[in-house]
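In what follows, a structure is listed as structure tokens, so that the remarks can point back to it.
The values are calculated or read from the model by the stated rules, or taken from the named source; none is laboratory data. What you see is a predicted model; the values in this text were computed from it and never measured. Reconstructed Cβ throughout: ideal geometry from the backbone, glycine too, with neighbour counts over all protein chains shown. Ligands, DNA and RNA are stripped out before the accessible areas are found, and what is left, the full protein with its side chains, is counted by its heavy atoms. Shrake-Rupley method; radii C 1.70, N 1.55, O 1.52, S 1.80 Å.
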Amino acid sequence: LIMSPAMWKWTCLVSHLLLSTTVSPLGRQQPLHPKRPFITFTGDQAEGNFNHLVVDERTGHIYLGAVNRIYKLSSDLKVLVTHQTGPDEDNPKCYPPRIVQTCNEPLTPTNNINKMLLIDYKENRLIACGSLYQGICKLLRLDDLFKLGEPFHKKEHYLSGVNDSGSVFGVIVSYSNMDDKLFIATAVDGKPEYFPTISSRKLTKNSEADGMFAYVFHDEFVASMIKIPSDTFTIIPDFDIYYIYGFSSGNFVYFLTLQPEMISPPGSTTKEQVYTSKLVRLCKEDTAFNSYVEVPIGCEKNGVEYRLLQAAYLSKAGTILARSLAVGPEDDILFTVFSKGQKRKMKSLDESALCIFVLKKINDRIKDRLQSCYRGEGTLDLAWLKVKDIPCSSALLTIDDNFCGLDMNAPLGVSSMVRGLPIFTEDGDRMTSVIAYVYKNHSLAFVGTKSGKLKK
């Protein structure tokens, strides 16, 4: 499914039946065959929006995260089982929640908005994180949505105080001989003292284990996390990092983000706030997060800048696209959607572009930046950490493709933007979502739009 939450408020569609039209060789749209109607599922309108959807790649079962409810559906959208997650007595000003210490704020019935839905294949469970109690998670058995655990008694069990359904992104890193890791990236909503913006957590085999969601490493000085300094909010009061997409590839975990930044326009003595799209990269095995690097990304076509990231999806190049990009067919390709400009995060312009990035080329840019910094060239150049004036330190070492940083020259920013290859633009109906895959050596992309259209 590729529609944004706002576009599929009450109805979700099976992705392989989403082709409402096909395009003939002459470009004319052909109607869907009348014997293949859409299959739909409609929830109770009183429950509010559907928020997230994941599909079990082994069974085809669909798990749907909604307000106050988790659904398990068959591949033809029949309800198999439901699990209620709310409402419950809460107050967003309570921290920690009353479970940990008494809260003096008045408690009222509060909806539980699903903020993250992940399948933990190794342990056959669903990780469903909601907005109640500053963002705690339930671990549900995939078969029947039976609650296996709901950690709530430690500070690190509260993942995010943001109530938006698109505010948290998680990536599971799986191991054959040890517990898995969960990389969590979240907006902090002005609470950097409570929530790290990125962290890596333990996924224990026992869903009720004391160490579930504990930081992979944590001592007095170092932890598996990145926190936004409070000083940043004195410069940009509404600063936050918004996470659009996340994935793992090779030895790294990646997140695609949108961040506010203060810049001085050419010829101006005053600064203005814009939004910059950035890719963040971390080594999977980096417990101290010394490998944190971020690089700005964007797109340009015919002199028009597309800089506000809307959506992204990782796919393979496939034989035909790989040949034109001079890469291998198994190389990772990022399909991305950007809207025009940099200034309107909350009200993006309708002009948008579908662009592709070769992940290896982004990694090459990051390696070049690491090598130059460890030669002592330039500064750390990460505006939101207020480290623009801190010079890079020189060190004699070899930096290869899998370099994971030291406790110096980190976290690090890349100043020059990596530009994607624009392959399609839309001026009237903003593209809001994308998915892609390889079929018979061809790369296919499906794009969802603001008005609910689907483009193949």
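A few notes on this one:
- Close pairs from segment 117-140: first closer than 16 Å to Asp180 by Cα and open to solvent by 20 Å² or more (accessible area, probe 1.4 Å), partner among the small types (Gly, Ala, Ser) and modelled with pLDDT under 95, Cβ under 6 Å, at least 6 apart: Lys122/Ser174
- Scanning segment 133-151 for residues that are over 24 Å from the mean Cα position of the chain (by Cα) and assigned to a loop (DSSP other than H, G, I, E, B) yields Asp143, Asp144, Leu145, Phe146.
- Residue check, Ser176 in a strand (DSSP E or B) and among the hydroxyl-bearing types (Ser, Thr, Tyr): no
- Checking segment 222-231 against the condition returns a match, with at least one residue being loosely packed, with under 15 Cβ neighbours inside 10 Å, modelled with pLDDT under 95 and out of contact with any Pro (no Cβ under 9 Å at 6 or more places or on another chain).
- Out of Glu156, Glu208, one residue alone is open to solvent by 10 Å² or more (accessible area, probe 1.4 Å), touching a residue at least 24 places away in the same chain (Cβ under 8 Å) and within 27 Å of Ser249 (Cα to Cα). It is Glu156.
- Considered as a group, the residues in segment 76-107 that are in a strand (DSSP E or B) and free of Cβ contacts under 8 Å to residues at least 60 places away in the same chain include one that is most open to solvent (accessible area, probe 1.4 Å), and that residue is Gln84.
- Residue among Ile423, Ile390 that is at pLDDT below 95 and among the aliphatic types (A, V, I, L, M): Ile390
- When Val55 is tested against (1) at pLDDT 95 or above; (2) exposed (fewer than 14 other Cβ atoms within 10 Å of the Cβ); (3) hydrophobic (A, V, I, L, M, F, W, C), only condition (2) is not met.
- Some residue of segment 163-176 being touching a helix residue (DSSP H, G or I) at 6+ places or on another chain (Cβ under 8 Å), surrounded by 21 or more Cβ atoms within 10 Å (Cβ to Cβ), at pLDDT below 90 and under 28 Å from Ala311 (Cβ atoms): yes
- Any chance Thr11 is open to solvent by less than 70 Å² (accessible area, probe 1.4 Å) and modelled with pLDDT of 90 or more: no
- If only residues of segment 232-261 that are aliphatic (A, V, I, L, M) and at pLDDT 85 or above are counted, the one that is most open to solvent (accessible area, probe 1.4 Å) is Ile244.
- Boolean, Arg344 is over 23 Å from Lys284 (Cα atoms), open to solvent by 80 Å² or more (accessible area, probe 1.4 Å), part of a loop (DSSP other than H, G, I, E, B) and not assigned by the TED database to the domain that holds Leu314: no
- Filter result for Tyr95 (touching an Asp or Glu at 6+ places or on another chain (Cβ under 8 Å) and of a type in the set (Ser, Thr, Tyr)): no
- Checking each residue in segment 210-253 for being under 18 Å from the mean Cα position of the chain (by Cα) and of a type in the set (Val, Ile, Thr) picks out Ile226, Ile228, Ile241, Ile244, Val253.
- Residue ID - most open to solvent (accessible area, probe 1.4 Å), chosen from residues in segment 270-327 that are among the aromatic types (Phe, Trp, Tyr) and out of contact with any Pro (no Cβ under 6 Å at 6 or more places or on another chain): Tyr313
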